[in-house]
Each structure stands twice: as C-alpha cells, then as structure tokens.
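Q: Sharing a structure below in structure tokens format, with a few things to ask.
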Amino acid sequence: MNWPVRVLVVDDSAFSRRLVTDILQADPDIQVVGYARNGREALEKVASLQPRVVTLDQEMPVMDGLTTLTALMAGNPVAVIMLSSHTAAGAAVTIKALELGAVDFIPKPAPGDSLDDFTRQLTEKVKAAARVPVTRLCRGKNCREDTPAPFISPRPGREEAAAAGTGSAAATAAIGGRLSPGRSPGGKEGVAGAVSAGSSRGEAIRPGKGTPAALTGAVAAVAGRLPGRRPGIEVVAIGTSTGGPAALRQVLTALPGNLPAGIVIVQHMPAGFTGPLARRLDELAALEVREAAAGDILRPGLALLAPAGRQMLLERHGDAVQVHLAAEAGITTLFKPSVDALFLTVAREYGPRSLGVILTGMGNDGLRGLRAIKEQGGTVIAQDEATSVVYGMPRAAVEAGLADLVLPLEDIAPAIVALVTGAG
C-alpha cells in the first residue's frame, strides 16, 4: 500500500475532529485528507477524496454512524474505525458496527483517561486498518445484517454458486458450512440437532431433523485433512483480537448447540464491551454464550468470553474445571484478558484433550499458550492469511510450526466439530 495513510475524520463535534486530526497529523505516516460533520458529508468525501481509512463517530445529525457504515460497505468499501462512547448503548452500537464491516474501534477518551494511551491506540489502529486489503472489506449484499461475517475474501465460484440457487439455503450450501441457526420462543434451536442426542466423542456426526446438509458436508470435507487421531477434545480455547468479533460470530453460529465440549474465548477489548459482545453472540448462536464470571464451571454447549480488564484462568477442582478471574496472570503480558494466560491454563488442565484456535489479530498473544498446548499433546488450528483481517496472531503460530491445521475462517467450525466428535 501507499504511505502516508490517507484518513478522513468524521465527527459532528468540532473538538473531537480537532483532537483526532491533531493526533493523526503528528504521525509522519498518516495524512488527514479531510473531515466531515455527518454521514452524508462523509459519503460524498469518501467518493471524492478516496481515503484509505475513515474514523467514524457513532452519533451524528443527518446520518448516524451505523447508517453511514452500511452505505460505505455496500457502495465504496473502505477501512473504518469506529469512535465509540463508554455507555452501554454505545457499546451495543459498536458491536453492531463490527458486524457490519468496521475493522476496529476505539473508545473516545473520557475525563481522566490517559490521552497518551488514546494517541498510541488510535495511530496503531489506523495503520493496521490501512493494511487490510480492500478485498476483505464488506461489499454489497454481503453487508446484510444476517450475514455471519463480513471479512471473507471471495473464492472462485462462491458468488456464482450462491446466485444460481434460491434464497439463503443456496447461499449456505455454496459457502459450505456457514450456518445461521434459528431460535424458538422456548430456547435455542437451529443446528442443535446436528449432533444426535446420544452422540459422544468418537462417533461421527449424524444429521438430525432439520440439520443443514452444509454442516455434514463441510465436516466430512475437513475431516480428511485433520491430523492423526487424537484423544477426545473436551475444551476449545479461542483467541483473537482485531477482526475478532466478526470471526467469532461466524465460528460460533456454525457450531451445534450441543457440541460435546466447553468453549473458552479471549477477545482483546476494553472494559464495557465484552459483555455486549457476549450477549450479541448468544442471540445469534445455538450455543449458550455469556461473559465469564468467577466460579463458572466449563460444560458442553457453553461458551465463556473472558471479561475485559481481568485474566481468565482455569482451575480443576475434582471433576470440574472452574473459571478463576485474576488481576494478574503470573506472566508478562500487555493484555487483560490475555490469550496466553488462558491458553497456558487450558494446557495445564486439559493437556491432550485441548484444542487451541487462534484467529485474526495483531501481535503474537497466544503464542506461548499454543506452544504449551502442543507440548501437552493438544491440537492447534490457525486462521489462514487470506481470511484474516490482520494476520498477526495466526502468523506467529504458523511460523513457529505450532499449527496442525491452517484453515480459512469458514472451515474452522466444521474442523472443530470434526475434532470434538471424532468425525472422519
């Protein structure tokens, strides 16, 4: 890509526009090419100024941030960083923006917050967003709210196959395992029947009534690429950062609700955002998804998301493995929560019955934990470069020789099902 990074600043507050502009202009690798006071102005200026990155406020007159983002992704895809508020409503809007195609977000500094931290994060996120290929940004019909993940690079024949069919079923079949489970008023449904009620580890996955054929087909396709037979997987540990909310949505919504393994997740996020993310994922997935609390016991069909600002660790007490939330993890790390901190305890408590999954994100958090999982006989899946928003954390695992499977995002859920159930 070309440097400096061309940035458009969109905010109805003159103070916020000036703050963001001054911070970005102080970096020689960034050029602010203009500003807009509302979404309508932003759409016009994106077309005329051709910025590489847009910083986008949520609440604006004339056209708000979500409406603007949807229009950008449908017509003129560009890397967008949302500037979010610290309120509960602002966090929910931010989660929605990440679903619709925003690359990342940063909370606006509140009174008493460190401006140095905001400056560092803003410049880092703008430069990272500038490196995301346009082909990975949301486009046209792929930006509909019911699309599991906007960050999927087109593959030969995918769009043509989807267009040849009728409705969402044809699109699901074309993608090969991308599922959108439904619900009934009484609880979660969708792909919950994908594993028969009496299934156990070692059995092949059996289609149940209403099971999308794509799930069975995708599992069969992935099973042939799996490493040699391993002990039954009892826990799936997932780590991710930039681009993670959309990736988590795609993976979790494609898993059956009665997957016979517990799931633990670290997503790098500031305080106030992991709870709304967990609630949104719970709305969409057949699995139960919630923000982890101290004392939670891991069990099949439950996905626990580490809360921001704490380290999520696992401790075995008799036959049960419980969540322990700590201020520190006993390791050197910049992150709370840290993927390494969680994965190290996963390796300790589950050994060869653990599956580590590393998804899109900057840096190399998770590398030490994945190495421990491998040393204890566990299995590692890494997202491939083509479908990663930022190929940092997966790259570190791949280059260290730790990944048993390097898969595009849409193949990761079927691989998890195959490993956990012993399919293939």
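The values are calculated or read from the model by the stated rules, or taken from the named source; none is laboratory data. It should be emphasised that the depicted structure is a prediction, and the values quoted were computed from it without experimental measurement. So basically every Cβ, Gly included, is an ideal-geometry build from the backbone, and we count neighbours across all protein chains shown.
Q: Being surrounded by 24 or more Cβ atoms within 10 Å (Cβ to Cβ) and aromatic (Phe, Trp, Tyr): is that true of Phe335 here?
A: Taking the combined requirement at face value, the residue does not satisfy it.
Q: Do you know which residues across segment 71-84 are in a helix (DSSP H, G or I), surrounded by 20 or more Cβ atoms within 10 Å (Cβ to Cβ) and touching a Cys at 6+ places or on another chain (Cβ under 7 Å)?
A: Matches in segment 71-84: Met73 only.
Q: Confirm whether Pro51 is out of contact with any Gly (no Cβ under 7 Å at 6 or more places or on another chain), under 13 Å from Leu8 (Cα atoms) and either assigned to a loop (DSSP other than H, G, I, E, B) or not assigned by TED's automatic domain parsing to the domain that holds Phe105 (or both).
A: yes
Q: Can you pull out the strands (runs of 3 or more DSSP E) entirely within segment 225-301 that have at least 2 residues that are more than 27 Å from Met362 (Cα to Cα) and assigned by TED's automatic domain parsing to the domain that holds Val323?
A: Filter on segment 225-301 gives an empty set.
Q: Of the conditions (1) buried (at least 19 other Cβ atoms within 10 Å of the Cβ); (2) of a type outside the set (Phe, Trp, Tyr); (3) outside any loop (DSSP other than H, G, I, E, B), Ala102 clears all except one; give me its number.
A: Of the numbered conditions (1) buried (at least 19 other Cβ atoms within 10 Å of the Cβ); (2) of a type outside the set (Phe, Trp, Tyr); (3) outside any loop (DSSP other than H, G, I, E, B), the odd one out for Ala102 is (3).
Listed here are the residues, each with its yes/no results for (1) under 20 Å from Glu283 (Cβ atoms); (2) modelled with pLDDT of 95 or more; (3) assigned to a helix (DSSP H, G or I).
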{"site": "Met60", "(1), (2), (3)": "no, no, no"}
{"site": "Thr68", "(1), (2), (3)": "no, yes, yes"}
{"site": "Ala92", "(1), (2), (3)": "yes, no, yes"}
{"site": "Leu122", "(1), (2), (3)": "no, yes, yes"}
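Q: Among the residues of segment 366-417, which ones are part of a helix (DSSP H, G or I), more than 15 Å from the chain's Cα centre (by Cα), of a type in the set (A, V, I, L, M) and surrounded by 24 or more Cβ atoms within 10 Å (Cβ to Cβ)?
A: Leu370, Ile373, Ala397, Ala415, Ile416, Val417
Q: Any idea which of (1) exposed (fewer than 13 other Cβ atoms within 10 Å of the Cβ); (2) within 21 Å of Val380 (Cβ to Cβ); (3) of a type in the set (Ser, Thr, Tyr) is the one Thr345 doesn't satisfy?
A: Status for Thr345: all satisfied but (1).
Q: If you go through segment 85-96 one residue at a time, do you hit one that is buried (at least 17 other Cβ atoms within 10 Å of the Cβ), polar (S, T, N, Q) and at negative phi?
A: yes
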